[in-house]
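As structure tokens, the structure follows; a few thoughts come after it.
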Amino acid sequence: MFKYQVINKKYEDFLLNIKEYFQKSDHTIHQARNQLKVISYENKKYVVKAFKIPNLLNQIVYAYIRNSKAKKSYLNAIELLKLNISTPKPIGYIEFYRHKLFKESYYVSEFVEYDFTIREPLRNKTLRKREEIIKEFVKFTYNLHQKGVFHKDFSAGNTLVLKKENNYDFSIVDINRLELKTITLDLAMKNFDKLWLDEDTLIFIAKEYAQLSGYNEKECIDKIIFYDKKLKDFVQKRRKIKKRILGK
């Protein structure tokens, strides 16, 4: 049993046979809990994200209560494009079930050519035009917030950067955990915590955001540092607990 949805019916065969296409492709671009591959179909490239089969509880939840990550990725992409926010064009998603339980799921989008992710200018302090790129990135993020978009996985690898003649274009990916809501100052500054940056870069971002938004500069700096430290302390504590449990 399966469920699927596509924007254009010409991709129906692609989705229905996605497991075979995915297995045959050796062009993996990311592999962790989930796996991303670039797959060619009718002489065009697509990115296919295969989500890990969830635990038994979530197999029930995704089957009967909540939208799956694949479906949320598809719906969120449509919403972002309606808001004129760049993300790879969605093609469709497909979900597979066995014994009435949710199992595999795949999300398909067009492949986007890009020059680098925002990780490069954020981490490489010797990069040419680094400050200019970061300023444009903060402007892009402020635009997200103005449109009520809160990307919960706003890590450094999830913003693609394309160099233009006189500026830079940005596109967001990994959008299954995305919320549409009013963005307060706290939420805005918290949104930068997963970038995992040094204090100088955080302060630079906070100052730029304050200039764009009209928020108090010191308040922006204090909050961005607070949320950054809070996340880093949490991760460090979790690592220590895990180390104790494993006895390493």
Exercise. In nanometres, what is the gap between the two model label sites at V61 and R239, each 7 Å from Cα along Cα-to-Cβ?
Worked result: 2.7 nm
Exercise. Hey, got a sec? Which trypsin sites (Lys or Arg not before Pro) in region 110-181 land in a DSSP loop and have at most 11 other Cβ atoms within 10 Å?
Worked result: K125, R128, K164, K181
Exercise. Hey, got the dipole for the chain? About the Cα centre, +1 on K and R Cβ, -1 on D and E Cβ, debye to the nearest 20?
Worked result: 1260 debye
Problem set entry | Gain on full stretching of the segment that runs from D222 to K152 - 0.36 nm per residue minus C-alpha separation | 23.1 nm
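Could you tell me which trypsin sites (Lys or Arg not before Pro) in region 31-96 are loop residues by DSSP with no more than 11 other beta carbons within 10 angstrom of their beta carbon?
Working: sites: R33, K37, K44, K45, K49, K52, R66, K69, K71, K72, K82; in loops: R33, K52, R66.
When the trypsin sites (Lys or Arg not before Pro) of region 31-96 are filtered for loop state and at most 11 Cβ neighbours within 10 Å, R33 remain.
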Seminar exercise, completed: Rounded to 0.05, the calculated FRET efficiency for the beta carbons of F2 and E165 at R₀ = 35 Å is 0.20
For this session: Pairs of Cα atoms under 8 Å, at least six residues apart: use those to get the relative contact order of the chain, whole percent.
Result: 15 percent
Exercise. What's the extension gain from H99 to E12 if we count 0.36 nm per residue and subtract their Cα-Cα distance?
Worked result: 28.9 nm
Problem set entry | Cα coordinate range in the chain, projected on the principal axes (Å, largest first) | 55, 53, 34
For this session: Filter the GluC sites (Glu not before Pro) in region 101-183 to those in DSSP coil with at most 13 other Cβ atoms within 10 Å of their Cβ, and list the result.
Result: E113, E165
Exercise. So for L56, L15, fewest C-beta neighbours within 10 Å to most, what's the order?
Worked result: L56, L15
Problem set entry | K230/W196 FRET efficiency (R0 22 Å; Cβ-Cβ; nearest 0.05) | 0.95
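Throughout, read-outs are computed from the coordinates displayed, never taken from laboratory work. These numbers were taken from a predicted model, which means no experiment stands behind them. FYI the Cβ positions are ideal-geometry reconstructions off the backbone, even for glycines, and counts take in every protein chain you see.
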